[in-house]
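Shown next, in structure tokens, is the structure this report addresses.
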Amino acid sequence: MKSAILRRSFFMKGDQWQQPHLISRWIGVAIAFYAFIAIGIAEAGLGVLLPSILSTYQLTPATVTLLFVSQISGYIVAAFSSSLVSSRLGLARMLLIAASALTTALLIYALSPYWLIMVIAGTLLGLGIGLIDAGINTYIVQDSRSANLIGSLHAFYGIGALLGPAVATTLLAVGMNWRQVYLVLASVVSILVIVLISVILWRYQPMMAKVTPSDTSAVSNLRRSLYHPVVLLSGLLLLVYVGTEASVGNWAYTVQSVARQTPELIAGYSVSAYWMGLTIGRFSLSYALNRLGAVRTISLSLILLMISLVAWWLLPDQWISLPLIGFALAAIFPATIWLIPQRVPEALVPAAVGFATSTASFGAALIPTGVGWLANWAGLDIIPMLMLLPAIVMIGVHCWLVQHR
């Protein structure tokens with residue numbers, strides 16, 4: 001009897017000890033989810049605002065792509081510095097720098113009277129998104145207790161990307177201009193800045209630790225990861241993926257409203273339907289991974305992507321292709337990230353994930369820029385057809401990774 005009481009007392013104390021730690025861990029997960037909502041809103045809102053920016057500055061589809069090009073330098077810095085900065089400053093301070101840079105960029109977008117200043121601010125936007133993307137992905141995938149949340153993490157990006165066009169379309173419909181919409185988006189991201197300041201002041205340990213997971217330095221791990229073909233090819237796959245996702249998200253509204261004469265409100269909400277398909281796909285990712293495995297899930301997603309892109313190109317009057325494209329894209333990024341710890345040595349995981357995700361952000365500038373230049377030359381109607389090319393590249397890279405694992 002006495003031993004039973006002691007045993008029950010021990011487990012009660014154990015539960016009382018574990019509960020605060022469990023709650024503490026979920027605080028970090030909640031911050032990660034909100035960070036991805038914030039970057040989703042910041043990135044996806046541009047697609048609906050693009051025609052207004054074109055009109056304000058009297059730009060063409062080619063010249064407006066300078067806004068994408070300017071983000072490249074920020075993505076490059078993030079790609080090669082995220083694991084180094086995180087190892088020296090800790091994740092929380094790196095994320096604070098990133099969120100501050102992103103908020104500043106959105107404020108400049110809203111307030112700048114000159115196109116050139118807006119273009120320059122794109123560097124800050126690329127840096128902020130690249131660091132957040134790399135830091136949060138590494139934070140989730142390195143913790144074995146949270147690694148299964150990678151699909152949900154990217155689903156919350158989808159929620160943000162779904163809200164971005166919907167909020168922008170609604171605010172434009174009620175009479176706000178595109179600059180005022182960017183002020184609203186900046187206020188959403190600024191909440192993340194406030195939260196991260198609180199994390200640093202509170203010294204929330206899961207995000208304060210400066211971790212290098214081996215005896216070697218972060219610089220050495222980054223250098224070693226860049227010699228690993230799987231890291232380079234995973235980065236290429238994610239680069240092309242993000243470029244495809246961003247190109248559809250940024251240009252679909254212009255294709256629907258300008259080239260295909262769809263009413264603006266319907267065109268705006270059709271872009272939200274695209275992001276809704278992506279969000280639904282990512283919330284169902286855990287089920288797909290458990291039933292099919294990551295490799296087969298990516299393979300089936302790429303097949304569905306090809307079918308839905310052909311439908312968007314050849315059947316312009318139907319509405320199902322955009323949400324199907326989003327659903328097809330949903331699994332590719334998080335499943336590829338989920339596979340990296342299984343494909344590279346443990347010590348290289350932070351540098352590999354940081355490099356691959358930040359390089360992926362580079363695609364968000366590179367491919368939409370190329371699409372804009374070709375559309376300026378051949379017409380906006382060519383954009384759905386152009387999206388087939390990166391899809392074919394993704395299929396080729398995925399096949400190589402599977403065969404050489």
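Looking at the range 55-66, is at least one residue under 20 Å from the mean Cα position of the chain (by Cα) and open to solvent by 30 Å² or more (accessible area, probe 1.4 Å)?
Among the residues of the range 55-66, not one is under 20 Å from the mean Cα position of the chain (by Cα) and open to solvent by 30 Å² or more (accessible area, probe 1.4 Å), which makes the answer no.
Is there any pair with a first residue in the range 157-186 that is closer than 12 Å to ALA44 by Cβ and a second that is not charged (D, E, K, R) and not in a helix (DSSP H, G or I) whose Cβ atoms are under 8 Å apart and which are 6 or more apart or on different chains, and what are they?
GLY158/ALA330
Restricting attention to the range 92-110, which residues are of a type outside the set (Gly, Ala, Ser), open to solvent by 10 Å² or more (accessible area, probe 1.4 Å) and in contact (Cβ under 8 Å) with a residue 40 or more places away in the chain? Let's see the steps before the verdict.
Residues of the range 92-110 of a type outside the set (Gly, Ala, Ser): 93-97, 102-104, 106-109.
After this cut, where a residue has to be open to solvent by 10 Å² or more (accessible area, probe 1.4 Å) as well, the list is 93, 96-97, 103-104, 107-108.
Across the range 92-110, the qualifying residues are ARG93, LEU96, THR103, LEU107.
For THR63, all conditions in the list (1) modelled with pLDDT under 85; (2) over 24 Å from ALA352 (Cα atoms) hold save one; what is the number of the exception?
Going through (1) modelled with pLDDT under 85; (2) over 24 Å from ALA352 (Cα atoms) one by one, THR63 breaks only (1).
Out of all the residues in the range 283-292, which are under 22 Å from the mean Cα position of the chain (by Cα) and open to solvent by less than 90 Å² (accessible area, probe 1.4 Å)?
Correct list: SER284, LEU285, SER286, ALA288, LEU289.
Based on what the data block shows, is LEU265 surrounded by fewer than 22 Cβ atoms within 10 Å (Cβ to Cβ), assigned to a helix (DSSP H, G or I) and more than 21 Å from the chain's Cα centre (by Cα)?
yes
Determine if the range 210-219 includes at least one residue that is of a type outside the set (Gly, Ala, Ser) and at pLDDT 80 or above.
no
Being out of contact with any strand residue (DSSP E or B) (no Cβ under 9 Å at 6 or more places or on another chain), part of a helix (DSSP H, G or I) and under 24 Å from THR254 (Cβ atoms) narrows it down to one residue among SER70, SER86, SER152; which is it? Full working, then the answer.
Numbers: SER86 fails: under 24 Å from THR254 (Cβ atoms); SER152 fails: under 24 Å from THR254 (Cβ atoms).
When all the criteria are applied, what remains is SER70.
For the structure I just gave you, tell me whether PRO113 is out of contact with any strand residue (DSSP E or B) (no Cβ under 8 Å at 6 or more places or on another chain), open to solvent by less than 40 Å² (accessible area, probe 1.4 Å) and farther than 23 Å from PHE156 by Cα. Steps first, please.
Values: out of contact with any strand residue (DSSP E or B) (no Cβ under 8 Å at 6 or more places or on another chain): yes; open to solvent by less than 40 Å² (accessible area, probe 1.4 Å): no; farther than 23 Å from PHE156 by Cα: yes.
Against the criterion (out of contact with any strand residue (DSSP E or B) (no Cβ under 8 Å at 6 or more places or on another chain), open to solvent by less than 40 Å² (accessible area, probe 1.4 Å) and farther than 23 Å from PHE156 by Cα), PRO113 does not qualify.
Would you mind stating whether SER52 is modelled with pLDDT of 90 or more and under 30 Å from the mean Cα position of the chain (by Cα)?
yes
Test THR279 against the criterion of being in contact with a helix residue (DSSP H, G or I) (Cβ under 7 Å, 6 or more places away or on another chain), surrounded by fewer than 19 Cβ atoms within 10 Å (Cβ to Cβ) and polar (S, T, N, Q), and give yes or no.
Working: in contact with a helix residue (DSSP H, G or I) (Cβ under 7 Å, 6 or more places away or on another chain): yes; surrounded by fewer than 19 Cβ atoms within 10 Å (Cβ to Cβ): no; polar (S, T, N, Q): yes.
Considered against the rule, which asks whether it is in contact with a helix residue (DSSP H, G or I) (Cβ under 7 Å, 6 or more places away or on another chain), surrounded by fewer than 19 Cβ atoms within 10 Å (Cβ to Cβ) and polar (S, T, N, Q), THR279 comes out as no.
Open to solvent by less than 10 Å² (accessible area, probe 1.4 Å), touching a residue at least 24 places away in the same chain (Cβ under 8 Å) and of a type outside the set (D, E, K, R), is that true of ALA347? Give the derivation first.
Numbers: open to solvent by less than 10 Å² (accessible area, probe 1.4 Å): no; touching a residue at least 24 places away in the same chain (Cβ under 8 Å): yes; of a type outside the set (D, E, K, R): yes.
Considered against the rule, which asks whether it is open to solvent by less than 10 Å² (accessible area, probe 1.4 Å), touching a residue at least 24 places away in the same chain (Cβ under 8 Å) and of a type outside the set (D, E, K, R), ALA347 comes out as no.
Is there any pair with a first residue in the range 374-402 that is within 21 Å of PRO61 (Cβ to Cβ) and of a type in the set (S, T, N, Q) and a second that is in a helix (DSSP H, G or I) and open to solvent by 40 Å² or more (accessible area, probe 1.4 Å) whose Cβ atoms are under 9 Å apart and which are 6 or more apart or on different chains, and what are they?
ASN376/THR63
Of these, GLY40, GLY74, which one is modelled with pLDDT under 90 and open to solvent by less than 10 Å² (accessible area, probe 1.4 Å)?
The unique qualifying residue is GLY74.
Residue under question is GLN256, and the condition is that it be open to solvent by 30 Å² or more (accessible area, probe 1.4 Å), closer than 22 Å to ILE382 by Cβ and not basic (Lys, Arg); does it hold?
no
Please go through the range 313-339 and pick out each residue that is among the hydrophobic types (A, V, I, L, M, F, W, C), farther than 14 Å from LEU278 by Cα and surrounded by 24 or more Cβ atoms within 10 Å (Cβ to Cβ).
Kept after step one, since they are among the hydrophobic types (A, V, I, L, M, F, W, C), are these residues of the range 313-339: 313-315, 319-320, 322, 324-325, 327-333, 335, 337-339.
Now drop any that are not farther than 14 Å from LEU278 by Cα, which leaves 313-315, 319, 337-339.
If the condition is that a residue be among the hydrophobic types (A, V, I, L, M, F, W, C), farther than 14 Å from LEU278 by Cα and surrounded by 24 or more Cβ atoms within 10 Å (Cβ to Cβ), then ILE337 is the only one that fits.
The values are calculated or read from the model by the stated rules, or taken from the named source; none is laboratory data. These figures come from a predicted structure and were not determined experimentally. Cβ: placed from backbone, ideal geometry, glycine included. Neighbour counts: every protein chain shown. Remember, those area values only see protein heavy atoms, side chains included, never the ligands or the DNA or RNA. Shrake-Rupley method; radii C 1.70, N 1.55, O 1.52, S 1.80 Å.
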